[in-house]
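Structure first, commentary second.
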Amino acid sequence: MLAALVAAALLAGGWAGAGEGGTAFAAAKPRPRAAHAAPVPKLIFGASLLRAPAVAVTMAPAGISVEYPVMATDMGAGPCPPPSLAAELTRLGSPPLELAGVSQDETAPPGTLPQPPTSWQAATLYPLPAGFWTQLHCLLSSTREQLTVGLNMRTGSLAWATQMAGEARAAAVNGLSFSLGNEPDLYELPNYGSLDKPFAGEEAAAAGLYEQLAAYLEPAVAGEALLGPELAAPTRWRRALPLVVRAVGLGTVGVHLYPLTACGSGSEATIAGLLSRSAGSSPGRLAWVARTAHGLGVPAIISEANSASCGGQPGVSNTPAAAVWGLRFGISALEAGFGEVRFHSSGNSYDPFVVRGGRVYPRPLADALVALNSWFPLGTTLHPVPSTSLAAAGVVAHAALRPDGTVVLILDDQSARPAKVLLRGVSLAQLTTVSPLRAGMPTRTVTSPTAQLHLAIAPNEIVAVAGRP
């Protein structure tokens, strides 16, 4: 009887929620709505979300770029990599795999370096292990990933490039392309090291040198698809880029982008900076690269990216905030015209996962790869959802129509205050949350007999609603 009386009192007074420390309490009277409270945004789940011009998803939205030594370490010492590595790559959506980064121009094929080293350069190069390509073939046979192999352009050995290309062809299972050199816009040009400011014609000279080196290595990759020029700062080659694409015969334009930097003090790489609108939307600054590539009839991708350059910042790049940033960055890249983002792994804090003793330990950024590749499979169309009421609440919305006819509505609260959204027209859906405070992507099935969902979104939280209209 006492329990019945308490329940009746709660129903009469109204449930207010959980107080500080998680203690629930009952309110004697419902709080009146403040006179200035904004109305709750309302959306209809269906065709009305798909009216804005669409972006077509033509490749896997999220790939990975891995330094050669990291890939060799992750694959271990056995004839095949640990099964946990293949399982993790499969969980990430079998993302395109690129062997690249700064180690690309510091790697020598197996068995090519003199022992002991006969020069400083030889001593500082990284020799690939003898079983590297056999292990990689074993891995790719399981995951079926597309492979991009970065060749050492800075050393400039045609024999090395020929050997690497031949071994890569034997390892590839589901498509192969090559990248010639890493960030050639940062290569030092001879005789100009003493200058403290750009000289006249620097862009043309650097681009011309890249074209010459590419022509020298061309016999090693003849007939294969080429990705490049892998620029660190594309604006340095803004005028030269279309000329380079034509001269080298690039099949895909690839550039690098890090919204923050951990170089020096690392004071710029903070969680607040990572969750800022400028960090999440930074691919928009390079939309001109995608337009240039499309004008030449080739796709463009961000072939190397992560939260902060110089390996990321511990306590920032390896936190759940990185998953929120990665989702925003990937969606912004699609809207800017890039077909794909390849998140970099270099053995540092921003890696999507680490392998230790044959076990894989995912980091929060991996959640962004899973979400991008599962929410936006090939054939999806991505639509922004314009809404003045959402904008007033600080919520950015996108809707994706997938090939199977399901719709995914992504609601991103980019404000510092919680937001509420009323979603009508859906009685059964999957609800997924990506939080800057908790790792993982909890997903649950929700039902509503009235075909209405009341959504509460925390600051900097992303909520995805997937279902059939």
Dipole magnitude (debye, nearest 20) for region 356-443, charges at Cβ of Lys, Arg, Asp, Glu: 300
What's the center-to-center distance, using Cα atoms, between region 272-314 and region 252-267 in Å? 9
Quick one: if the Förster radius is 60 Å, what FRET efficiency do residue 388 and residue 112 give, using the C-beta to C-beta distance and rounding to 0.05? 0.45
What is the chain's relative contact order, in percent, from Cα pairs under 8 angstrom and six or more apart in sequence? 17
Quick check: net charge around residue 135, other residues with Cβ under 12 Å of its Cβ, Lys/Arg +1 and Asp/Glu -1? -2
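Round to the nearest 0.05 the FRET efficiency obtained for residue 278 and residue 310 when R0 = 25 Å and r is the Cβ-Cβ distance.
With a Förster radius of 25 Å, E is 0.85.
Please give the FRET efficiency for residue 452 paired with residue 291, using the beta carbon to beta carbon distance and R0 = 51 Å, rounded to the nearest 0.05.
Computed FRET efficiency for residue 452 and residue 291 comes out at 0.80.
When a/c is below 1.5 the answer is rounded, else prolate if a/b is larger than b/c, else oblate, so apply that to region 97-143 with a ≥ b ≥ c taken from the square roots of the Cα gyration tensor eigenvalues.
oblate
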Compute the separation of the alpha-carbon centres of region 46-72 and region 139-183 and state it in Å as a whole number. 22
Between region 330-382 and region 436-469, how far is it from one alpha carbon centroid to the other, in angstrom? 21
Radius 10 Å from Cβ of residue 421, net charge of other residues (Lys, Arg +1; Asp, Glu -1): +1
Rounded to the nearest 500, what is the 222 nm mean residue ellipticity of the chain from helices alone, with -39500 (n - 2.57) per DSSP H run of 4+ residues and division by all residues? -8500 deg cm²/dmol
How high is the relative contact order of region 207-351, given as a whole-number percent (alpha carbon pairs under 8 Å, six or more residues apart)? 24
Rounded to whole angstroms and listed largest first, the alpha-carbon spread of the chain along its three principal axes comes to 90, 50, 45
So, in nm, how far is label residue 91 from label residue 238 when the simple model puts each one 7 Å beyond its Cα toward the Cβ? 4.3
On a 0 to 90° scale, report how tilted helix 132-143 is relative to the longest principal axis of the chain, with both axes built from alpha carbons and the result rounded to the nearest 10. 30
Contour minus end-to-end for residue 212 and residue 123, with contour as 0.36 nm per residue of separation and end-to-end as the Cα-Cα distance? 29.4 nm
Could you work out how much longer the chain between residue 444 and residue 169 gets when fully extended? Use 0.36 nm per residue separation minus the Cα distance between them, nm to one decimal. 94.7 nm
Place a +1 charge on the Cβ of each Lys and Arg in the chain and a -1 charge on the Cβ of each Asp and Glu, then give the dipole magnitude about the Cα centre in debye, rounded to the nearest 20. 2100
Measure nothing but the geometry: give the 0 to 90° angle between the long axis through the Cα atoms of 365-375 and the longest principal axis through the Cα atoms of the chain, rounded to 10°. 80
Taking the Cβ of residue 229 as the center, what net charge do the other residues with Cβ under 9 Å away carry, scoring Lys and Arg +1 and Asp and Glu -1? -3
Enter the angle in degrees (range 0 to 90, nearest 10) between the Cα long axis of helix 202-221 and the first principal axis of the Cα atoms of the chain, meaning the one along which they spread out most. 80
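Since every read-out is calculated from the coordinates, none of them should be taken as a lab result. None of these values were measured; they are calculated from a predicted model. Here the Cβ is made from the backbone with ideal geometry for all residues, glycine too, and neighbour counts use every protein chain on show.
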